[in-house]
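Colleague: Handing you this structure, nothing more for now.
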Amino acid sequence: MGNFDIQKVRADFPILKREVNGKPLIYFDNGATTHKPKQVIDGIVDYYAQMNSNIHRGVHYLSQISTDAFEVTRRKVQAFIHAKHEHEIIITKGTTESINIIASCYGRPFIGAGDEIIISAMEHHSNIVPWQMLCDEKGCVLRVIPMDEKGELDIAAYQALFSERTKIVSFTYVSNALGTINPVKEMIDIAHKHDVPVLIDAAQAIQHIAIDVQELDVDFFAFSGHKMYGPTGVGVLYGKEALLNKMPPYQGGGDMIRDVTFEKTTYNDLPFKFEAGTPNIEAGICLTQAIDYIQDIGLDAIKAYEDDLLDYATQELAKIDGIRFIGTAAHKSSVISFVVDGIHPYDIGVILDKLGIAVRTGHHCAQPVMSQFSIPGTVRVSLAMYNTKEEVDILIAGLERAVAMLK
Ligand code: PLP
């Protein structure tokens, strides 16, 4: 267990000291992106002031220290998610790119006409659309795990979806629209009984829940740096070595090759085969500071703090007149989505913004979830480790005011 000192945590995030619309910023849009601690911000400045150089290419000093720092991140990620090999960690632009790599490089060669892909009813668009594009191209079929009115997946229905034609399963660990934590281990085991590989979208899990990809026995695992207190423009695709090795590269270009002639190109080994071109170097390097930051505090301590805050916020929000929670699963993480009778979510968001409170309103890139609940969107409060009960109290007061004005 780490040491959780909320005042110390808050002091690490410079942006929390600013005002918005004349009020202290209260930031509850952490599902979209988290703020960055000064350790990450300093790391980015330091990169440009002291290291700036392209990686994996130069023999000169700066290129070597940049390359070393980038590769430190790879090993850091490996240890953070307990991957077996460091070359199983592909540095990408983010979750979206990671999922697209699998849809493209696993999907195109190994999924054909009439084959089936299982996703769930609560996916973010980035875990729907790449598969639909594959289906359009190859004539394969999307099968969707249904979800109940609480926002929990129907595991019996999931089991029944498997057929001889099922080629991959891809679903989210935590729903960004509902906060549901899915029973990932159980679902992976079910897929493996059918010899089907599983991709987990961990965009909303990695910053809240300790991960061991070997214990989960997951085949592919995707997440973004910017949702875990790290820089934007960097993310991770983990894949089991054997699967990554049998996949073709994603893009052609520098770094991903071994030899190029006009007649033939041979490809580099893992992980570089999937890392064509110059990456977002400073973001890649400074993901290390984000992981260090999380690990210094400890994910167990972070989770305990956030779970307590989630319970408090849920209990206080329940007192708002006319509120209806969207997503009431037994196991939830850091996300509260709701609507208020007769009021459009957008109008609530605008009034809260005037009070310096940032929430998300809309469909949260999960339109099928909104369709299932027959609503245009929700107000979403998504928590991070730097949020407090005092901020929740200010949110509640703001919401009461907004509801009184809009009713
Ligand atoms: N999956 C989930 C569950 C998300 O919440 C998000 C972002 O909100 C994504 C995927 C896409 O992440 P990114 O935009 O960082 O690629």
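Colleague: Placing unit charges on C-beta atoms (Lys and Arg positive, Asp and Glu negative, everything else neutral), compute the dipole magnitude of region 41-295 about its Cα centre in debye, rounded to 20.
Modeller: Computed charge dipole of region 41-295: roughly 400 debye.
Colleague: If the reach is capped at under 16 angstrom between alpha carbons, list the lysines near residue 193, excluding any in the same chain fewer than eight residues apart.
Modeller: Hits, sequence-local ones excluded: 167, 185.
Colleague: Then there is this: Reachable lysines from residue 8, Cα under 29 Å, same-chain residues fewer than 8 places away excluded?
Modeller: 17, 23, 36, 38, 76, 227, 303, 332, 354, 389
Colleague: Based on the Cα atoms of region 102-181, what semi-axes does the equivalent ellipsoid have, where each is the square root of 5 times one gyration tensor eigenvalue, given in whole Å with the largest first?
Modeller: Calculated on Cα positions only, the semi-axes equal 23, 14, 9 Å.
Colleague: Which aspartates and glutamates have a Cα lying under 17 Å from the Cα of residue 319, excluding residues fewer than 8 positions away in the same chain?
Modeller: Answer for residue 319, where 17 Å is the Cα cut-off: 311, 341, 390, 391, 393, 400, listed by chain and number.
Colleague: For the chain, return all DSSP H helices satisfying: extent of Cα atoms along own axis at least 27 Å; mean Kyte-Doolittle hydropathy at least -0.5.
Modeller: In the chain, the long hydrophobic H runs are 61-81.
Colleague: Return an integer: the convex hull volume of the alpha-carbon atoms of the chain, in Å³ per residue.
Modeller: With only Cα atoms used, the chain gives 143 Å³ per residue.
Colleague: Averaging sequence separations of C-alpha pairs under 8 Å and six or more residues apart, then dividing by the length of region 41-295, give the relative contact order as a whole percent.
Modeller: Here the relative contact order equals 24 percent.
Colleague: Related question: What nm value, rounded to one decimal, do you get for the distance between residue 321 and residue 278 when each label is placed 7 Å out toward the C-beta?
Modeller: Once both label points are built, they end up 5.9 nm from each other.
Colleague: Per the helix-only calculation at 222 nm, which mean residue ellipticity applies to the chain, given -39500 (n - 2.57) for every DSSP H run of n ≥ 4 and division by its residues, nearest 500 deg cm²/dmol?
Modeller: The per-residue figure over the chain is -11000 deg cm²/dmol.
Colleague: Please identify the trypsin sites (Lys or Arg not before Pro) of region 50-104 that satisfy two criteria: DSSP loop assignment and at most 16 other Cβ atoms within 10 Å. Which are they?
Modeller: When the trypsin sites (Lys or Arg not before Pro) of region 50-104 are filtered for loop state and at most 16 Cβ neighbours within 10 Å, 57, 84 remain.
Colleague: How big is the gap, in Å, between the Cα center of region 137-160 and the Cα center of region 1-39?
Modeller: The two parts, judged by their Cα centres, are 37 Å apart.
Every number here is computed from the coordinates shown, using simple stated rules; none is lab data. Every value quoted in this text rests on a predicted model; they were computed, and no experiment measured them. We place every Cβ from the backbone using ideal geometry, glycine too, and count neighbours over all the protein chains shown.
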